[in-house]
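The values are calculated or read from the model by the stated rules, or taken from the named source; none is laboratory data. No experiment lies behind these values; they were computed from the predicted model shown. Here Cβ is always computed from backbone atoms with ideal geometry, including for glycine, and neighbour counts include all displayed protein chains. Surface areas here come from the heavy atoms of the whole protein model, side chains and all, with no ligands, DNA or RNA. Shrake-Rupley method; radii C 1.70, N 1.55, O 1.52, S 1.80 Å.
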Amino acid sequence: MKKTVKAILAEVFSGNAGCLRHISTGKSVVIVIGATNGTETLVTADDVFSWIGPDFKNFGCDKVEQPTPDTSVEVYEQVENADYRKIFSSFGQNLDRLCLTTPQIKTFVRDHADNYLREEGWAVFLFLFKVRNVETGKDEFFVAHVIRREVGDSKVTLSPLSYNNVWSAKRRHRVVVPKL
């Protein structure tokens, strides 16, 4: 059944984005990832992650990036079953607008992730990022998948954005994007 205009407008003004619900409102005025120098990669982030998946190297995602200024972000919670494409297309934005750099992902997990754990003391965070493929000269989009536990234990893996596994809304993944 198609949504009515009233339902769509209610969703827009509530901060919901398709299969996601905005949850960072009220936690703090603004969530800011501090400036990064771009030299850290997730592959070398063993000071934040207890386990780092090998695919960061396998997919060429272990590159140094450009420095970034302080960046405001928002956190959403998955409320409908969805694959990565549906999750990130929910925002109605160009994918480039939704990307963070890998140093920003590390900084968010280190400085802010504990504020968005589920009541059970853990959460799965999804971050969109891109890497320039040196062979094709084109950007490729990936999703960093971070499991964070209350005890400070964090694990990070990645999948191409095109990975079509449908993620259950029961897990209530947290999706972190630049403030829109």
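Spin-label model, Asp96 to Asp70: label points 7 Å out along the Cα-to-beta-carbon direction sit 2.6 nm apart.
Cα axis of helix 102-111 to longest principal axis of the chain: angle in degrees, 0 to 90, nearest 10? It works out to around 70 degrees. Accessible surface computed residue by residue for the chain, with neighbouring protein chains in place and a 1.4 Å probe, gives 53 Å² per residue.
When a 1.4 Å probe is rolled over the protein heavy atoms, the share of accessible surface on the chain that falls to carbon and sulfur comes to 52 percent. Using the Cβ-Cβ distance between Ser162 and Val79 with R0 set to 22 Å, the FRET efficiency works out to roughly 0.45. Rounded to the nearest whole Hz, the Karplus-based 3J(HN,Hα) values (6.51 cos²θ - 1.76 cosθ + 1.60, θ = phi - 60°) of the stretch 172-180 follow the sequence 6, 3, 9, 10, 10, 9, x, 4, 8, with x at glycine and proline. Remark: the stretch 130-135, residue by residue, has Karplus-estimated 3J(HN,Hα) of 10, 9, 6, 7, 5, 6 Hz, where x stands for each Gly or Pro and the curve is 6.51 cos²θ - 1.76 cosθ + 1.60 at θ = phi - 60°. Pairs exceeding a 22 Å alpha-carbon distance, out of Lys86/Lys106; Lys106/Lys138; Lys155/Lys179; Lys63/Lys86; Lys86/Lys130; Lys106/Lys170: Lys86/Lys106; Lys106/Lys138; Lys155/Lys179; Lys63/Lys86; Lys106/Lys170. Helix 5-14 axis versus longest C-alpha principal axis of the chain: approximately 50°, rounded to the nearest ten. Couplings 3J(HN,Hα) of the stretch 48-54, computed from phi: 10, 10, 7, 9, 10, x, x Hz, in residue order, whole Hz [Karplus 6.51 cos²θ - 1.76 cosθ + 1.60, θ = phi - 60°; x for Gly and Pro]. Within the full protein context, the accessible area of Glu140 is estimated at about 70 Å² for a probe radius of 1.4 Å.
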